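Worksheet: one structure, shown below.
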Amino acid sequence: MKIDWNRKYTTIAVYAIIVVVFGISFYLSVMQFSKLSELTSTFIDILKPFIVGFSLAYLLNFIMEFVEGKIVLNLMPKGGKRLVRYLSMIITYILVTLFVFLFFKFIFPQVAESVVKLVTDFPHIVNKIYNYIDKFISHINLPEPTRMAVNQKVNEIGKSAIDFATNLVPFFANFFLNIVKSVWNLVLGIIISIYILADKEGFFRLCRKFIFAIFTKDTSDNILKVTRLSNDIFGKFIIGKIIDSVIIAIITFIILSIVKMPYVILLTFIIGITNVIPFFGPFIGAIPSVLLVLIVDPIKALWLIVIIFIIQQLDGNVIGPKILGDSIGISSFWILFSLLVAGKFFGIIGMVIGVPLFAVIYTIVAETINDRLKTKGLTDSANGKK
């Protein structure tokens, strides 16, 4: 029997059912919050391999496209499409595996060694700071209560610093223990990413059919347009920032090695990782780096400030623009705005993806406004032009 959706009572009944269903769902979610939270956690755990797989496929696709277009097709111009794709995937996964192996073979052990050395030497460093402060205070004519208050405050800061340094090793140990615990999700994610990359065109066609089956043609076209825009902005930004951060890390390592800065590998690691964060990244990386060197050698800490400033000027004016170009398309004000908002809600992850996410929203809003201005016969309302 065909339902006449235009009839008055049928429409009222449908809306009533929807309201009742949402009401019951809201009531159950409030009254059974613990069970709902448990079900949500279970659902997220089930989806984790797929989230990892899609994320890996998205990132590795940029490498695979380069390998496929610049290497494999040049070596095998008449090769079959499937053969070219499989060979490109094999080369891509070999390159990524080699990079991960080199990281854990050469970089990670030295970072861990620097952390352990820092923790081991930290009590001695704090004692040196105590002695320096005592000598400094002794040359100043301070009242005895003030002197005691300063000493007490210094002792509290020193104790907090020692506790922080002592917790560094357990922190890193727990961090990599969690990575080991997630190894099964990672393995499944790699398998899922292989399936996605092997037939990414077919996967895209399937998603496209699903979108057109659910939504109207205009809505479907807009969804695909936003998807392509998001892929373009996110892809250029994320890959560009990774390449930029690797270059900055290499330059930092060379300069710090030449000036014989302490904890070279650890400082390079901190500066390179935090450089992925736009705008605030250099400051986030510079503060702990300078503090680490300051407690060992104050003069070299000043040199480190100068070095970081020069490197960031080089990155901001030469390296960054060459790699990223105009991939974001928003002003510095909106970059700062997106970082503050996304960082407030999503922390470090928000600071990384906040800029490209806001760039997508900004572009969509700007295009919508421009389209509406054109329908009114205006091309630049801000300047009063028609």
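Surface composition of region 178-305: carbon and sulfur make up 77 percent of the accessible area, probe 1.4 Å. Note on LEU75 and SER55: the model spin-label points, each 7 Å out from Cα along the C-beta direction, lie 3.1 nm apart.
For SER182, no residue has an amide H sitting under 5 Å from its own, ignoring neighbours fewer than 5 places away on the same chain, with H placed 1.01 Å from N. What region 196-316 shows is 55 Å² of accessible area per residue, with the surface traced by a 1.4 Å probe over protein heavy atoms. Model label points for LEU314 and ARG82, set 7 angstrom from Cα along the Cα-to-Cβ axis, are 5.0 nm apart.
The stretch between ASP45 and PHE210, if pulled fully straight at 0.36 nm per residue, gains 56.9 nm over its current Cα-Cα span.
Counting Lys and Arg as +1 and Asp and Glu as -1 over every other residue whose Cβ lies under 12 Å from the Cβ of ILE295, the net charge comes to 0. Taking MET76, MET64, MET351 and ordering them by how much accessible surface each has at a 1.4 Å probe, largest first, produces MET76, MET351, MET64.
Across region 257-270, rounded Karplus estimates of 3J(HN,Hα) from the backbone phi angles (6.51 cos²θ - 1.76 cosθ + 1.60, θ = phi - 60°) give 5, 5, 7, 6, 6, x, 6, 4, 5, 5, 5, 4, 4, 5 Hz, Gly and Pro being marked x.
Gain on full extension, evaluated as 0.36 nm per residue between ASP371 and PHE99 minus their Cα-Cα distance, stands at 93.3 nm. Accessible-area rank, largest first, for VAL183, VAL264: VAL183, VAL264, with all protein chains present and a 1.4 angstrom probe. Which pairs in the list LYS217/LYS376; LYS236/LYS344; LYS236/LYS376; LYS217/LYS374 are over 32 Å apart, alpha-carbon to alpha-carbon? Exceeds cut-off: LYS236/LYS376.
The values are calculated or read from the model by the stated rules, or taken from the named source; none is laboratory data. As the structure is a computational prediction, the values presented were derived from the model and not from experiment. All Cβ positions, even for glycine, are placed from backbone atoms using ideal geometry, and neighbour counts span all protein chains on display. Ligands, DNA and RNA are stripped out before the accessible areas are found, and what is left, the full protein with its side chains, is counted by its heavy atoms. Shrake-Rupley method; radii C 1.70, N 1.55, O 1.52, S 1.80 Å.
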